[in-house]
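Heads up: the structure comes next, in structure tokens.
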Amino acid sequence: MTVLALSLSLQACAVVAVADAAVTVVATGVKVAAKTVGAVVDVVVPDKSNQD
């Protein structure tokens, strides 16, 4: 019984590690996409302070 409990707890830990890795990958992708959109907007939208 102890071996079964230990096995299940290790599997749960592995599932959490995989889920954490997946969330990290998605969060990094969103961050890169947001920076890219911000850079494109900076290029497309003219800066009003430079028009003086």
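The values are calculated or read from the model by the stated rules, or taken from the named source; none is laboratory data. On a predicted model such as this, the values are computed, not experimentally measured, just so you know. Every residue, glycine among them, receives a Cβ derived from its backbone with ideal geometry; neighbour counts consider all protein chains shown.
For Lys31, indicate whether it is of a type in the set (D, E, K, R), surrounded by 10 or more Cβ atoms within 10 Å (Cβ to Cβ) and out of contact with any strand residue (DSSP E or B) (no Cβ under 8 Å at 6 or more places or on another chain).
Details: of a type in the set (D, E, K, R): yes; surrounded by 10 or more Cβ atoms within 10 Å (Cβ to Cβ): yes; out of contact with any strand residue (DSSP E or B) (no Cβ under 8 Å at 6 or more places or on another chain): yes.
For Lys31, the condition - of a type in the set (D, E, K, R), surrounded by 10 or more Cβ atoms within 10 Å (Cβ to Cβ) and out of contact with any strand residue (DSSP E or B) (no Cβ under 8 Å at 6 or more places or on another chain) - is met.
Here the condition is being of a type in the set (A, V, I, L, M, F, W, C), at pLDDT below 80 and more than 26 Å from the chain's Cα centre (by Cα); of Ala12, Ala5, it holds for Ala5 alone. Every condition in (1) surrounded by fewer than 10 Cβ atoms within 10 Å (Cβ to Cβ); (2) under 25 Å from the mean Cα position of the chain (by Cα); (3) β-branched (Val, Ile, Thr) holds for Thr24 except the one numbered (1).
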